[in-house]
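Data block below; observations after.
The values are calculated or read from the model by the stated rules, or taken from the named source; none is laboratory data. Note that the coordinates shown come from a computational prediction; the quantities given were computed from them, not determined experimentally. A quick note on method: Cβ atoms are made from the backbone with ideal geometry, for glycine too, and the neighbour counts reach across all protein chains shown. All accessible areas refer to the heavy atoms of the entire protein, side chains included, with ligands and DNA or RNA removed. Shrake-Rupley method; radii C 1.70, N 1.55, O 1.52, S 1.80 Å.
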Amino acid sequence: MNQPTFRAPKGTFDLVPPRGEAVLAVRDAMAGPVRRAGYGYVETPSFEETGLFARGVGESTDIVTKEMYSFTTRGGDDVSLRPEGTAPVLRAALENGLHRGALPVKLWYGGSYYRYERPQKGRFRHFSQVGAEVLGTEDPAVDAELIVLAMDAYRALGLTEVRVLINSLGSSESRPAYRDALQQFLRGLDLDEDTASRVEINPLRVLDDKRPDVQKALADAPLVTDFLSDGDRAHHDRVRRLLTDAGVPYDDDPRLVRGLDYYTRTLFEFVHDGLGSQSAVGGGGRYDGLSELLGGPRLPSVGWALGAERTLLAMEAEGLPLPGTPGVDVYLVPLGDDAERHAFGLVTELRRAGVAADVATGGRGLKGAMKAADRSGARYAVVVGERDLADGVAQVKDLRSGEQEPVALGDVRSHLITATSS
Ligand code: HAM
């Protein structure tokens, strides 16, 4: 057999049915709760000026130093495929003046994101997220709202084992003292050169080092929650209280840090233990200083992004059936030229009436066409043979019960509309 010449690039994959429909259904379910909560849809380009991410996500983060697909356009502009959605969405909100209207601005978005990471289970170079951002309020109620909406999305998909880890990184009031204490602690450790230089540039990033020997050395590192100002502590306690009131359990994780530099105060991650090392199915937090970093006014904000592929893997780990199975409700089986013409008209009418319907093509015989009807997932097969046409009927077969009845051709459409809507 001939091997095709081209394959999907390393770290990427194609979505083909039924997985294609499953990911669509996952994205729909993840967007459902925020849409019902009145969030408005925003769409931004798949690429942005590289500087937006360097400034927004952070010059020293792995994402910016190692993982961006960056290139210079023919016109000489430095652009990058978006590795994440928060900086672009905030850029778009500022550019379009959304922050000059009533605050907060609540937005949701989704699409493809690109990171040049080492591929492994659950970690890809092209993946999809659904995200939500609330711009322009410090109110801890929106931090809690976002966490509740994400947990509702996971629950709507049938997931029962997603846990939320929560932490506060403090604001500019709390950060400097913690940074000093952490740096002092880290300088006392025997670290490799790269890590030691990270201690000077961005010590919080060291806490995210996954190597077991580093994690062990960090066991006695000072905790950010011991350095929170009164205001930051009150904010954090309020978020936790509201989660409890909403019946959403959470795990305090004072060691939680995330790979993006814009976070302040509330930080959270949704994790699933059935996924191996890439256990985060979603994550987010507050980013009160990002707008000013991008040249905008003060605009305290909070948001999250949920990963569609990892969420689907989590569903498989819990043994849940693939959502959004493709298929139709009605499958037409015309036998002969006149029947094919008739069936073409009927399938068009059914589809226009909102019935999911398909038709056998290519002059297939009864046996092959009935097999196709079974594969299509249809509840009803409609067989139209030459004799039926002459008698002015079609045979409507209920594929579940096996019962078959002749229905007058003029009534088939309404018969099927009624049958499939019950
Ligand atoms: P993030 O934690 O980098 O946050 O990504 C969010 C989710 O996207 C992850 O939890 C994971 O499910 C998925 N994801 C990330 N990288 C990959 C990958 N290489 N392969 C597969 N899935 C992946 C953000 O992107 C922030 N913008 C979230 C946010 C919104 N913070 C505030 N607002």
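Miscellaneous remarks
- DSSP-loop GluC sites (Glu not before Pro) across region 120-226, with at most 15 other Cβ within 10 angstrom: GLU161, GLU173
- Overall form of region 1-84 per C-alpha gyration tensor (a/c, 1.5; a/b vs b/c): oblate
- A simple spin-label model places pseudo-atoms 7 Å from Cα toward Cβ; at GLN183 and ASP252 they are separated by 2.8 nm.
- For region 330-421, DSSP calls about 55 percent of its internal beta bridges antiparallel.
- Angle in degrees between helix 366-375 and the longest Cα principal axis of the chain, rounded to the nearest 10: 20
- Surface accessible to a 1.4 Å probe, per residue, for the residues of region 91-206, Å²: 45
- Contact order relative to length of the chain, as percent, for alpha carbon pairs under 8 angstrom and 6 or more apart: 16
- Accessible surface for region 330-421, divided over its residues, is 55 Å² per residue with a 1.4 Å probe.
- Helix axis angle, 140-156 relative to the chain longest principal axis, alpha carbon, degrees: 30
- Those trypsin sites (Lys or Arg not before Pro) in region 242-326 that DSSP places in a loop and that have at most 12 other beta carbons within 10 Å: ARG298
- For SER229 and SER277, the FRET efficiency from 1/(1 + (r/R0)^6), where r spans their Cβ atoms and R0 equals 25 Å, is about 0.15.
- For region 1-97, the set of GluC sites (Glu not before Pro) satisfying both a DSSP loop assignment and a count of at most 11 other C-beta atoms within 10 Å is given as GLU43.
- Cα-Cα over 19 Å, subset of LYS371/LYS397; LYS367/LYS397; LYS121/LYS216: LYS121/LYS216
- The chain: calculated mean residue ellipticity at 222 nm from DSSP helix runs of at least 4, using -39500 (n - 2.57): -11500 deg cm²/dmol
- Scattering curve values for region 330-421, log₁₀ I(q)/I(0), Debye with Cα scatterers, q = 0.24, 0.25 Å⁻¹: -1.35, -1.48
- Full-extension gain in nm, THR72 to LEU24, via 0.36 nm per residue minus C-alpha separation: 14.0 nm
- Paramagnetic reach from GLU292 in region 114-144 [backbone N under 17 Å; point 7 Å along Cα→Cβ]: 136-139
- Note on region 330-421: with charges restricted to the Cβ of Lys and Arg (+1) and Asp and Glu (-1), its dipole about the Cα centre is near 400 debye.
- Extents of the chain, largest first, come to 91, 53, 44 Å (Cα atoms, principal axes, whole angstrom).
- Taking all Cα pairs closer than 8 Å and separated by 6 or more residues, the relative contact order of region 330-421 comes to 30 percent.
- Computed with every protein chain present, the accessible area of VAL359 is close to 20 Å² [probe 1.4 Å].
- Where labels lie 7 Å past Cα in the beta-carbon direction, separation of ARG238 and ILE417 in nm: 5.4
- Cα centroids of region 28-61 and region 246-301: 14 Å apart.
- Zone of LEU15's modelled label, taken as backbone nitrogen in region 298-318 under 18 Å from a point 7 Å along Cα→Cβ: 305-317
- The C-alpha atoms of the chain define a longest principal axis, and helix 337-352 lies at about 40 degrees to it.
- Share of carbon and sulfur in the accessible heavy-atom surface of region 147-283 [1.4 Å probe, %]: 48
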